[in-house]
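The values are calculated or read from the model by the stated rules, or taken from the named source; none is laboratory data. Remember, predicted model here, so these are calculated numbers, not experimental data. Don't worry about glycine lacking a Cβ; one is built from the backbone with ideal geometry, like all the others, and counts go over all protein chains shown. What goes into the accessible areas is simple: the full protein's heavy atoms, side chains included, and nothing from ligands, DNA or RNA. Shrake-Rupley method; radii C 1.70, N 1.55, O 1.52, S 1.80 Å.
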Amino acid sequence: MKPILLQGHERSITQIKYNREGDLLFSVAKDTVTNVWYSVNGERLGTYNGHTGAVWCVDCDWDTKNVLTGSADNSCRLWDCETGKQLALLNTNSAVRTCGFDFSGNIIMFSTDKQMGYQCFLNFFDLRDPQQIEDNQPYQSIPCSDYKITSAVWGPLGEFVIAGHENGEINQFSAKSGEILKKGKEHTKQINDIQTSVDLTMFISASKDNTAKLFDCSSLDHIKTFRTERPVNSAAISPIMDHVVMGGGQEAMEVTTTSTRIGKFEARFFHAAYEEEFGRVKGHFGPINCVAFHPDGKSYSSGGEDGYVRIHYFDPQYFDFELEA
């Protein structure tokens, strides 16, 4: 399982995202650059240049036509995937923390941070209406006064957004009315990452409370819990196996004050049904900030505090593996 090392960032990786076919991998980091790579050999295809602050989030639409990025330079930008041209610039009052296209690719959502006296908002734009973009007027803007949104994804059919908050709450916000449809609070600390399964029926949340949890998307029912000894920064669900991968480590600022054994920064594999850990993959020289499965389930990628993205292709034994319960 020799990894492919992608060196295209000077600072820590904040998010990685495959497109739907999985031939492209997008990576964003705290160094203002958005990179796109060929996932098969790790060749860099190009960059999307324009942001002037750390880029927190990236998403690609269903047919890999457009790319969306959100940044600490108080903007959310829409790019043409193929040419790298900036198609739209949406200015905000505070940093853009999460962003995403709905299933149609027509509606985008992004959330802004609670900072500098501004509260956290979840904004919805319809890209089919150029007036909204021109006037920078979302058709729906939902204030979250209590606890800011730290991670958000679209639910099935683009009906609602599932948002994780800094106090561990998970809410469903309707994209039509803006009201909260369902609430859940299984985590005790901040939710660092939310990723859905391929069919959008389930999602996994990674939290600072040292756990990742599996939920049902529409009912928010808590299904499974995966426990570790340190904060979980990211978790992803395999599209073909009953497996989840989790990446974590200590907070970046605490790394120097704890032991230097590299083993702390492994990607950890758990069986989704039995909640048992069955494997670890070493590699990063710092906490893993984000993990993602390739849509065909034959490889996964991780992005670390060390600024590297690593693509790991699974060995044949992985696919025959049976967990003895």
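In this simple spin-label approximation, TYR274 and ASN106 carry label points 7 Å from Cα along the Cα→Cβ vector, and these lie 4.6 nm apart.
Multiplying the residue separation of ASP126 and ILE180 by 0.36 nm and subtracting their alpha-carbon distance yields 17.4 nm. Using the Cβ of SER207 as centre and a radius below 12 Å, the other residues enclosed give a net charge of +1, where K and R count +1 and D and E count -1. Summarised in one figure, the compactness ratio Rg/Rh of the range 67-198, Cα atoms and Kirkwood Rh, is 0.95.
Sorting LYS65, LYS213, LYS114 on solvent-accessible area from highest to lowest, probe radius 1.4 Å, gives LYS65, LYS114, LYS213.
Suppose R0 equals 35 Å; then what is the FRET efficiency for ASN93 and THR188 from their Cβ-Cβ distance, rounded to the nearest 0.05? Intermediate values should be presented prior to the final figure.
On the way: r = 30 Å, r/R0 = 0.86.
The value I calculate is 0.70.
For the pair the range 180-206 and the range 1-19, the centres of their Cα atoms are 24 angstrom apart.
The mean of 1/r over all pairs of different alpha-carbon atoms in the range 1-67, once inverted, gives a Kirkwood hydrodynamic radius of 12.2 Å.
The alpha carbon centroids of the range 146-168 and the range 291-323 are separated by 26 Å. In this structure the amide hydrogen of GLY155, modeled in the peptide plane, comes within under 5 Å of the amide hydrogens of PHE160, VAL161, ILE162, none closer than 5 places in sequence on its chain. With both labels modelled 7 Å from their Cα along Cα-to-Cβ, the THR201 to ARG44 distance reads 4.1 nm. Ellipsoid semi-axes for the range 50-98, based on the Cα gyration tensor and the rule √(5λ), read 19, 11, 8 Å when sorted largest first.
Tell me what the chain gives for mean residue ellipticity at 222 nm when only DSSP H runs of n ≥ 4 count, each as -39,500 (n - 2.57), the sum divided by the residue total, rounded to 500 deg cm²/dmol.
Rounded to the nearest 500, the figure is -500 deg cm²/dmol.
Projecting label points 7 angstrom from Cα along Cα→Cβ for SER141 and LEU157 puts them 3.0 nm apart. Each other residue within a Cβ distance under 11 Å of GLN115 adds +1 if Lys or Arg and -1 if Asp or Glu, for a net charge of +2. Measuring r between the beta carbons of GLU324 and HIS222 and using R0 = 25 Å, the FRET efficiency lands at 0.45.
If you rank ARG128, ARG230, ARG268, ARG280 by how much accessible surface each has, with a 1.4 Å probe, what is the order from largest down?
On the way: ARG128 150, ARG230 40, ARG268 20, ARG280 115 Å².
Largest accessible area first, the residues go ARG128, ARG280, ARG230, ARG268.
Rounded to the nearest 0.05, what FRET efficiency is calculated for ASP296 and LYS2 with R0 set to 22 Å and r the Cβ-Cβ distance? Each step should come with its number before you reach the end.
Values: r = 19 Å, r/R0 = 0.84.
Between ASP296 and LYS2 the formula returns 0.75.
Calculated on the Cα set of the range 3-318, radius of gyration then Dmax: 18.0, 55 Å. For GLY46, the residues 5 or more places off, or on other chains, whose built amide H falls under 5 Å of its own are VAL36.
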